[in-house]
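The values are calculated or read from the model by the stated rules, or taken from the named source; none is laboratory data. Owing to the predicted nature of the structure, the values given are computational and were not obtained by experimental measurement. Counting neighbours? That spans all protein chains shown, and the Cβs are built from the backbone with ideal geometry, glycine included.
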Amino acid sequence: MQFRGFALLIACALGVLGAQTRVVLETGQGAIEVELADARAPITTANFLRYLDGGFYDGGRFHRTVTMDNQPNNNTRIEAIQGGPTAERAQQGFPPIALERTSQTGLSHKDGVISMARFAPDSATSDFFICIGDQPSLDFGGMRNPDGQGFAAFGHVVKGMDVVRKIQKSPAEGQRLTPPVTIVKARRAAP
């Protein structure tokens, strides 16, 4: 809980200053630049940045593609790509964070939005996904996850949606990208 308070303090300071952190994910398919919602999703943004600043995403991978054709057992279909550190590096990560619901942040899962992957509420750690097209079923009250709590959106792609779409169309077995698309380097963008 101590980290959560610190994250909120930092995020409030950033919000007052009007700062918006940008990060670049350099992949084997090209670069994706994301602007984070520092003030609106402070816990989630701080979590993502501690993984990024700790080098967890360097050498990581986009490992999952979700298309309209590869989710036959889902009544509520979405389109997205999911990435994170390698499985070995993820095990060295941090405890899960509290779920910042879209009903609290006012963010929505629109085309290009980045959000944290999770199973149950308050279980997100290092994996994230990027929406392709608007995905309201991922917002609070949406039914992609049966608990209806949605996912924690925390920013959006400002450059490189062509790269996101290219990754989504990469070879896959089911939803598993084969091979995964490497995240060569993940870093904060120069101001």
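Please tell me if Glu35 is among the charged types (D, E, K, R), surrounded by fewer than 19 Cβ atoms within 10 Å (Cβ to Cβ) and in a strand (DSSP E or B). Working first, answer last.
Values: among the charged types (D, E, K, R): yes; surrounded by fewer than 19 Cβ atoms within 10 Å (Cβ to Cβ): yes; in a strand (DSSP E or B): yes.
Answer is yes for this residue.
Would you say Ser103 is touching a Cys at 6+ places or on another chain (Cβ under 8 Å) and either assigned to a strand (DSSP E or B) or more than 26 Å from Gly30 (Cα to Cα) (or both)?
No, not satisfied.
Starting from the stretch 22-39, take each residue that is farther than 15 Å from Gly84 by Cα and list its partners that are among the aromatic types (Phe, Trp, Tyr) and modelled with pLDDT of 95 or more, counting only C-beta distances under 8 angstrom and pairs at least six apart or across chains.
Short answer, once both residue conditions are applied: Leu36/Phe48; Leu36/Phe154; Ala37/Phe154.
Of Pro146, Pro121, which residue is at pLDDT below 95 and either among the aliphatic types (A, V, I, L, M) or farther than 19 Å from Val34 by Cα (or both)?
Pro146
Looking only at residues that are of a type in the set (A, V, I, L, M, F, W, C) and in contact (Cβ under 8 Å) with a residue 60 or more places away in the chain in the stretch 98-111, which one is farthest from Gly142 (Cα to Cα)?
Residues of the stretch 98-111 that are of a type in the set (A, V, I, L, M, F, W, C), as a first pass: 98-99, 107.
Within this subset, residues satisfying the condition of being in contact (Cβ under 8 Å) with a residue 60 or more places away in the chain are 98, 107.
Working: Ala98: 18, Leu107: 13 Å.
Looking at the filtered set, the residue picked out is Ala98.
Inside the stretch 40-54, can you point out the residues that are in contact (Cβ under 8 Å) with a residue 24 or more places away in the chain and either out of contact with any Leu (no Cβ under 6 Å at 6 or more places or on another chain) or surrounded by fewer than 21 Cβ atoms within 10 Å (Cβ to Cβ) (or both)?
Matches in the stretch 40-54: Arg40, Ala41, Ile43, Thr44, Ala46, Asn47, Phe48, Leu49, Arg50, Tyr51, Leu52, Asp53.
Does the stretch 132-179 hold any residues that are within 19 Å of Ile43 (Cβ to Cβ) and in contact (Cβ under 8 Å) with a residue 40 or more places away in the chain, and which are they? Show your work before the answer.
If we filter the stretch 132-179 for residues that are within 19 Å of Ile43 (Cβ to Cβ), which is where we start, we get 138-140, 145, 147, 149-156.
The answer is Leu138, Gln149, Gly150, Phe151, Ala152, Ala153, Phe154, Gly155, His156.
Sort out which residues of the stretch 136-154 are in a loop (DSSP other than H, G, I, E, B) and either in contact with a Gly (Cβ under 8 Å, 6 or more places away or on another chain) or surrounded by fewer than 23 Cβ atoms within 10 Å (Cβ to Cβ) (or both), and write them in order of number. Explain how you work it out, then say what you get.
If we filter the stretch 136-154 for residues that are in a loop (DSSP other than H, G, I, E, B), which is where we start, we get 139-152.
Those that are in a loop (DSSP other than H, G, I, E, B) and either in contact with a Gly (Cβ under 8 Å, 6 or more places away or on another chain) or surrounded by fewer than 23 Cβ atoms within 10 Å (Cβ to Cβ) (or both): Asp139, Phe140, Gly141, Gly142, Met143, Arg144, Asn145, Pro146, Asp147, Gly148, Gln149, Gly150.
Please enumerate the residues belonging to the stretch 157-191 that are charged (D, E, K, R) and touching a helix residue (DSSP H, G or I) at 6+ places or on another chain (Cβ under 9 Å).
Of everything in the stretch 157-191, those that are charged (D, E, K, R) and touching a helix residue (DSSP H, G or I) at 6+ places or on another chain (Cβ under 9 Å) turn out to be Arg187, Arg188.
State whether one or more residues within the stretch 96-105 are among the acidic types (Asp, Glu), crowded, with 16+ Cβ neighbours inside 10 Å, under 21 Å from Leu36 (Cα atoms) and touching a His at 6+ places or on another chain (Cβ under 8 Å).
no
For the stretch 57-78, which positions are surrounded by fewer than 23 Cβ atoms within 10 Å (Cβ to Cβ), in a loop (DSSP other than H, G, I, E, B) and not acidic (Asp, Glu)?
Gly59, Thr67, Met68, Asn70, Gln71, Pro72, Asn73, Asn74, Asn75, Thr76, Arg77, Ile78
Does Ile114 meet the test of being closer than 18 Å to Arg61 by Cβ, buried (at least 19 other Cβ atoms within 10 Å of the Cβ), at pLDDT 95 or above and in contact with a Ser or Thr (Cβ under 9 Å, 6 or more places away or on another chain)?
no
Might you let me know whether the stretch 66-77 holds any residue that is among the aliphatic types (A, V, I, L, M), more than 12 Å from the chain's Cα centre (by Cα) and under 22 Å from Asp162 (Cα atoms)? Step through it out loud before you land on a result.
Step one: filter the stretch 66-77 for residues among the aliphatic types (A, V, I, L, M), giving 66, 68.
Restricting the remaining residues to those that are more than 12 Å from the chain's Cα centre (by Cα) gives 66, 68.
Adding the requirement that they be under 22 Å from Asp162 (Cα atoms) leaves 66, 68.
Yes; the residues of the stretch 66-77 include at least one that is among the aliphatic types (A, V, I, L, M), more than 12 Å from the chain's Cα centre (by Cα) and under 22 Å from Asp162 (Cα atoms).
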